[in-house]
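Here the structure is laid out as structure tokens; the discussion comes afterwards.
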């Protein structure tokens, strides 16, 4: 099958690029030689002249350092460049870290806060958050016991500072947590369908603001009565719960009963000594 | 992996030495191609440098597609040359309309420095229809094979061969003063 003249021309051009002569090519295509020869001669001129087309040496001498400069700049830029997602991630992580550090620091600082201190509300909020994050009944009971102990400890310190209003408020809190422990245990036993406070919170008459330094005799007497009543009711509630509590909670509850009893006794003792003439 | 593929892969990863190697290897071919298209030495030099600057900027996104790396460079060079010629045709038109000397008229000093034959060659190529001019520039200027030219221009090899034949025939006529 006869080859197209375009194919033959291209074949000859390839051979000429590799250094063959026009004559070598024409020998292989005698039938097309007359048509092919002028085209190959023109091509030979173009191949020869094209090879002579070169950029001026002084231009290349100028251009090379310019490109090297760009390469260097690109490398430096790459070193400095932090991917956008890295930067966003870093900002987010830093923000979270700052928040966590501030929060952890604040929460840690609030652990020892007393009812008349600014961080006390954070302490209570943290306790509520902990309670909300615990889903098991046993876990909740343990937390109520722990918080009742805390309130009892704070009660002692408030009594020491002569802040009877705070002492009264804390007796309510101890009673409330003690009652929650009791309700939880009752509910588990199925003895109560509706949760209710077995031990009503002491209905102490709101105490007027008092001086912190010392208790007068009348106040001390009233306070002792409220405290004694609260002690009895809170401890009764806890002892009642102890009978029905699961074995794993019992040691915690026993220790809490002892501590809370001691704390009540200490508080009453402080008030008694503070009212002594 | 071929040597070229290895060099290109390193250049993609930011190896400046590898890119410099590609620059040295292909600069003259790209220059020749652009010169044959624009017919002006100073412009061809600047455009060739711009091709490599653009290639440097885009090399990180280069994807290997079983084509010689130079095909990618020619694509950039082709676009650069087209942009230049488009701008030139506007400038020339304005200059002509205002009866002002053509802005790309070479100075006597430049003419003296050039090989007349080479300039004549470029001038003749510029007179070809664009498709033939592209094929002749890539074939004679860059010495690409028909298959490579076809891939670079997105045409089939048969079409490229026909354009090559017609382009050479047209140049022959111009050389004989028949064009």
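The values are calculated or read from the model by the stated rules, or taken from the named source; none is laboratory data. Nothing here was measured: the structure is a model prediction, and the numbers come from that model. Because the Cβ atoms are built from the backbone with ideal geometry, glycine has one as well, and the counts that use them run over all protein chains shown.
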Which numbered condition trips up residue A:153, out of (1) part of a helix (DSSP H, G or I); (2) surrounded by 11 or more Cβ atoms within 10 Å (Cβ to Cβ); (3) within 14 Å of chain B (Cβ to nearest Cβ); (4) at pLDDT 80 or above?
-> (3)
Tabulated pairs, the range B:141-161, first facing chain A (nearest Cβ under 10 Å), second buried (at least 17 other Cβ atoms within 10 Å of the Cβ) and outside any helix (DSSP H, G or I), C-beta under 8 angstrom, 6+ apart or interchain = B:141/A:53
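Residue-wise test of (1) crowded, with 16+ Cβ neighbours inside 10 Å; (2) modelled with pLDDT under 90; (3) more than 15 Å from residue B:136 (Cβ to Cβ).
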| position | (1), (2), (3) |
| --- | --- |
| A:2 | no, yes, yes |
| A:21 | no, no, yes |
| A:25 | yes, no, yes |
| A:35 | no, no, yes |
| A:41 | no, no, yes |
| A:46 | yes, yes, no |
| A:49 | yes, yes, no |
Would the range A:51-67 turn up any residue that is touching a residue at least 12 places away in the same chain (Cβ under 8 Å) and either more than 7 Å from every other protein chain (Cβ to nearest Cβ) or on the phi > 0 side of the Ramachandran plot (or both)?
-> no
State yes or no: is residue A:186 at pLDDT below 65 and assigned to a helix (DSSP H, G or I)?
-> yes
Identity of the residue in the range A:240-254, assigned to a helix (DSSP H, G or I) and touching a residue at least 60 places away in the same chain (Cβ under 8 Å), that ends up farthest from residue A:150 (Cα to Cα) = A:241
Scan the helices (runs of 4 or more DSSP H) fully inside the range B:121-179 and keep the ones with 3 or more residues being farther than 25 Å from residue A:37 by Cβ.
-> B:130-136, B:146-153
Hits in the range B:162-179 - residues which are buried (at least 23 other Cβ atoms within 10 Å of the Cβ), more than 7 Å from every other protein chain (Cβ to nearest Cβ) and over 20 Å from residue A:52 (Cβ atoms) = B:163
Take the range B:1-29 and flag every residue that is in contact (Cβ under 8 Å) with a residue 40 or more places away in the chain, in a helix (DSSP H, G or I) and within 13 Å of another protein chain (Cβ to nearest Cβ).
-> B:11, B:12, B:19, B:22, B:26, B:29
